[in-house]
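The values are calculated or read from the model by the stated rules, or taken from the named source; none is laboratory data. These numbers come from a predicted model, not from an experiment. FYI the Cβ positions are ideal-geometry reconstructions off the backbone, even for glycines, and counts take in every protein chain you see. Heavy atoms of the whole protein, side chains included, go into the accessibility calculation; ligands, DNA and RNA do not. Shrake-Rupley method; radii C 1.70, N 1.55, O 1.52, S 1.80 Å.
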Amino acid sequence: QVHLVESGGGLVQAGGSLRLSCAASGSTFNIYTMKWWRQASGNQREWVATVNSDGWQNYADSVKGRFIISKDNAKNTAYLQMDYLKPEDTAVYYCHTGQNGMDYWGKGTLVTVSS
């Protein structure tokens, strides 16, 4: 069982920055692949970014060059640094990992970007 808790969301003006955190339980966090997803009101959940155990990162085209995903194994925490935010980034952001065939999700944190 893995528990994920997101934090760091809030209201920010367009062009601003936020850093989301995802605290994870488990003693093997260092091997977790962590992902961030987001869901805007009325839309399907969409993948945002991935970081694997080797530190390899991948991003959706919509956030490439603006967002950075990372993980701190010593703190069992994954991060999403979001810069140059746009109103279309407004969504609930979720962290996610898959372990032993199971998917684990946090409850999400709301990011609102005003124009």
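One table, with the values for the structure above:
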| item | result |
| --- | --- |
| Residues of the stretch 1-27 with amide N under 13 Å of a point placed 7 Å along Cα→Cβ from Asn73 | 27 |
| The chain - accessible surface per residue (Å², probe 1.4 Å) | 54 Å² |
| Descending principal axes extents, the stretch 17-68, alpha-carbon based, whole Å | 36, 23, 21 |
| Label-point separation in nm, Asp61 to Trp47, each point 7 Å along Cα→Cβ | 1.5 nm |
| Extension reserve of the Gln99-Ser7 stretch, reckoned as 0.36 nm per residue once the Cα distance is removed | 30.9 nm |
| Distance between the stretch 44-73 and the stretch 97-115 - C-alpha centres, whole angstrom | 12 Å |
| Whole-number Å³ per residue for the convex hull built on Cα positions in the chain | 95 Å³ |
| Dipole magnitude (debye, nearest 20) for the chain, charges at Cβ of Lys, Arg, Asp, Glu | 100 debye |
| Accessible surface of Asp83 - all protein chains present, 1.4 Å probe, nearest 10 Å² | 40 Å² |
| Counting all C-alpha pairs of the stretch 53-115, share separated by more than 14 Å (%) | 67 percent |
